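Novice: Handing you a structure now.
The values are calculated or read from the model by the stated rules, or taken from the named source; none is laboratory data. If you're wondering where the values come from, they're calculated on a predicted model, not measured in any experiment. No Cβ is skipped: glycine too gets one built from the backbone with ideal geometry, and neighbour counts run over all protein chains shown. Only protein heavy atoms, including side chains, enter the accessible area calculation; ligands, DNA and RNA are left aside. Shrake-Rupley method; radii C 1.70, N 1.55, O 1.52, S 1.80 Å.
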Amino acid sequence: MKSPLLSLPGAVSAEGVDEGVAAHYGDLFREQRALADGAGFVDLSHRGVVAVTGDDRLSWLHLLLTQHVTDLPVGVATEALILSAHGHIEHALYLVDDGVTVWMHTEPDTQEALIAYLESMKFFYRVEVADRTSEFAVVHLPAGSIAPVPAGVVVRETPYGRDLFLPRADLESYAEKAGPPAGLLAYEALRVEHHRPRLGFETDHRTIPHELGWIGTAVHLQKGCYRGQETVARVQNLGKPPRRLVFLHLDGSEVHLPGHGTELRLAGEGEDGRKIGFITTSVRHHELGPIALALVKRNVPVDAPLLADSTAAAQEVVVEP
């Protein structure tokens with residue numbers, strides 16, 4: 001779904017799964033600085049929007065999600081995962097309940113698969129699941145923003161800012177009032193700075209929540225059964241995850257930014273050494289320079305210099321080995 005905000009001056013469309021919204025509006029670092037200062041907004045209207053209504057919505061979702069949501073207070077944001085039977089991450093959901101409806105946004109083009117799973121699990125519960133992507137657009141306001149929020153708009157308030165479920169028909173008029181637009185590259189740079197994983201970027205077909213630090217934020221360890229819980233409990237109580245998320249400072253002298261999937265090796269073994277991980281997201285940050293998130297094998301020494309192809313990388317621990 002192509003955003004009408006791509007018609008704004010300087011807008012350059014994002015690529016891949018983020019196609020349809022602006023990657024930037026002509027000045028990446030200015031846009032980053034504005035968000036860091038609490039100004040502007042980010043068009044996330046390409047993300048999927050799913051709504052769950054009905055008297056049983058919270059108790060029903062509680063059975064399916066990794067998060068404890070039975071008593072989720074009205075207006076309190078949370079996030080949750082849906083796992084496979086083997087504990088691998090299939091969906092990441094960003095939720096809020098407005099007292100009548102649970103609103104959630106998801107990665108672009110994943111809402112159909114999510115809804116198909118939810119529909120298959122309805123049974124006798126009093127719930128209705130709807131794809132509202134064509135009617136509502138997600139807009140992000142950074143932490144500290146004083147931009148107005150229209151009356152009646154559902155908001156997810158988080159430490160990183162506010163996600164608005166804005167009527168899609170109001171997107172252009174709201175953009176005129178919300179301050180300077182910032183593109184997705186600026187949003188992603190701040191996400192990487194804050195070590196926040198993203199489905200499809202920091203995950204692959206075998207990722208479990210422990211590897212990314214999602215225990216606690218998206219996975220509640222004291223709730224009842226859900227699909228994949230056995231893996232979560234086993235790793236939490238008896239072992240360690242096979243990989244761990246790290247934050248990387250990349251060599252700023254390199255013109256090339258190593259992209260998603262770039263293999264990582266120990267610098268001491270050179271470019272022909274054994275693979276010990278891969279880049280998940282790399283960005284250029286307005287203060288930190290080139291940085292990245294990556295998944296590495298758990299036993300990689302936390303102080304070991306790494307190579308992403310020929311680019312030197314220094315680690316910071318995100319998930320403890």
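Novice: From the residues in the stretch 1-24 that are hydroxyl-bearing (Ser, Thr, Tyr) and without any contact (Cβ under 8 Å) to a residue 24 or more places away in the chain, which one is nearest to Pro180 (Cα to Cα)? Break it down into steps so the answer makes sense when it comes.
Specialist: Residues of the stretch 1-24 that are hydroxyl-bearing (Ser, Thr, Tyr), as a first pass: 3, 7, 13.
Filter again for without any contact (Cβ under 8 Å) to a residue 24 or more places away in the chain, leaving 7, 13.
Details: Ser7: 14, Ser13: 17 Å.
Residue satisfying both the conditions and the ranking: Ser7.
Quick grid of which residues meet (1) at pLDDT below 95; (2) under 18 Å from Tyr187 (Cα atoms); (3) over 17 Å from the mean Cα position of the chain (by Cα):
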residue: Val17; (1), (2), (3): no, yes, no
residue: Ser45; (1), (2), (3): no, yes, no
residue: Thr70; (1), (2), (3): no, no, yes
residue: Glu90; (1), (2), (3): no, no, no
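Novice: To continue, here is another question. Given the residues Pro148, Pro197, Pro167, which is the only one that is within 19 Å of Phe41 (Cα to Cα), open to solvent by less than 60 Å² (accessible area, probe 1.4 Å) and of a type outside the set (Lys, Arg)?
Specialist: Numbers: Pro148 fails: open to solvent by less than 60 Å² (accessible area, probe 1.4 Å); Pro197 fails: within 19 Å of Phe41 (Cα to Cα).
Of the residues listed, the single one that is within 19 Å of Phe41 (Cα to Cα), open to solvent by less than 60 Å² (accessible area, probe 1.4 Å) and of a type outside the set (Lys, Arg) is Pro167.
Novice: Name the residue that is farthest from Asp27 (Cα to Cα), counting only residues in the stretch 282-303 that are open to solvent by less than 10 Å² (accessible area, probe 1.4 Å) and in contact with a Lys or Arg (Cβ under 7 Å, 6 or more places away or on another chain).
Specialist: Restricting to residues being open to solvent by less than 10 Å² (accessible area, probe 1.4 Å) and in contact with a Lys or Arg (Cβ under 7 Å, 6 or more places away or on another chain), the top hit is Val296.
Novice: I've got another one for you. Within the stretch 226-270, can you find the residues that are part of a helix (DSSP H, G or I) and surrounded by 15 or more Cβ atoms within 10 Å (Cβ to Cβ)?
Specialist: Within the stretch 226-270, the first condition is being part of a helix (DSSP H, G or I), and the residues that meet it are 229-238, 267-269.
Hits for the stretch 226-270 are Gln229, Thr231, Val232, Val235, Gln236, Ala267.
Novice: Can I ask one more? Filter the stretch 170-194 down to the residues that are in a loop (DSSP other than H, G, I, E, B) and touching a Leu at 6+ places or on another chain (Cβ under 8 Å), then identify the one that is surrounded by the fewest Cβ atoms within 10 Å (Cβ to Cβ). Write out each step before concluding.
Specialist: Step one: list which residues in the stretch 170-194 are in a loop (DSSP other than H, G, I, E, B), which gives 176-180, 183, 194.
Now narrow it down to the ones that are touching a Leu at 6+ places or on another chain (Cβ under 8 Å): 178, 183.
Values: Ala178: 21, Gly183: 28.
If we take residues in the stretch 170-194 being in a loop (DSSP other than H, G, I, E, B) and touching a Leu at 6+ places or on another chain (Cβ under 8 Å), then Ala178 is surrounded by the fewest Cβ atoms within 10 Å (Cβ to Cβ).
Novice: Being within 22 Å of Ala143 (Cβ to Cβ) and open to solvent by 60 Å² or more (accessible area, probe 1.4 Å) is the filter here, so list the residues in the stretch 12-35 that pass it.
Specialist: Those that are within 22 Å of Ala143 (Cβ to Cβ) and open to solvent by 60 Å² or more (accessible area, probe 1.4 Å): Asp27, Phe29, Arg30, Arg33.
Novice: If you don't mind, another one. Looking at the structure I just gave you, is Asp43 under 22 Å from Arg284 (Cβ atoms) and buried (at least 21 other Cβ atoms within 10 Å of the Cβ)?
Specialist: Values: under 22 Å from Arg284 (Cβ atoms): yes; buried (at least 21 other Cβ atoms within 10 Å of the Cβ): yes.
Yes; evaluated as a whole, the condition is true for this residue.
Novice: Restricting to the stretch 94-110, count the residues that are over 13 Å from the mean Cα position of the chain (by Cα) and crowded, with 21+ Cβ neighbours inside 10 Å.
Specialist: 4
Novice: Do we have Gly179 as of a type outside the set (Phe, Trp, Tyr), in contact (Cβ under 8 Å) with a residue 40 or more places away in the chain and at positive phi here?
Specialist: Working: of a type outside the set (Phe, Trp, Tyr): yes; in contact (Cβ under 8 Å) with a residue 40 or more places away in the chain: yes; at positive phi: yes.
Criteria met by Gly179.
Novice: Still on this structure: Find all pairs meeting these conditions: Cβ atoms under 8 angstrom apart; at least six residues apart or on different chains; first residue within the stretch 55-84 and under 27 Å from His205 (Cα atoms); second residue at pLDDT below 95 and acidic (Asp, Glu).
Specialist: Going by the 8 Å Cβ cut-off, there are no qualifying pairs.
Novice: Same structure again: Residue check, Val153 against (1) touching a residue at least 24 places away in the same chain (Cβ under 8 Å); (2) open to solvent by less than 30 Å² (accessible area, probe 1.4 Å); (3) more than 21 Å from the chain's Cα centre (by Cα), all met but one. Which one?
Specialist: Result: Val153 passes all but (1).
Novice: Can you tell me which residue in the stretch 200-225 is surrounded by the most Cβ atoms within 10 Å (Cβ to Cβ), limited to those that are of a type in the set (D, E, K, R) and assigned to a loop (DSSP other than H, G, I, E, B)? Don't jump to the end; show me each part of the working.
Specialist: In the first step, residues of the stretch 200-225 are kept if they are of a type in the set (D, E, K, R); the result is 202, 204, 206, 211, 223.
Checking the rest, the ones that are also assigned to a loop (DSSP other than H, G, I, E, B) come to 202, 204, 206, 223.
Working: Glu202: 25, Asp204: 14, Arg206: 13, Lys223: 16.
Once the filter is applied, the top-ranked residue is Glu202.
Novice: Does at least one position in the stretch 129-143 carry a residue that is touching a His at 6+ places or on another chain (Cβ under 6 Å), surrounded by 18 or more Cβ atoms within 10 Å (Cβ to Cβ) and more than 24 Å from Tyr187 (Cβ to Cβ)? Write out each step before concluding.
Specialist: Filtering the stretch 129-143 for residues touching a His at 6+ places or on another chain (Cβ under 6 Å) gives 138.
Within this subset, residues satisfying the condition of being surrounded by 18 or more Cβ atoms within 10 Å (Cβ to Cβ) are 138.
Those still in the list that are more than 24 Å from Tyr187 (Cβ to Cβ) too: none.
The answer is no; no qualifying residue exists.
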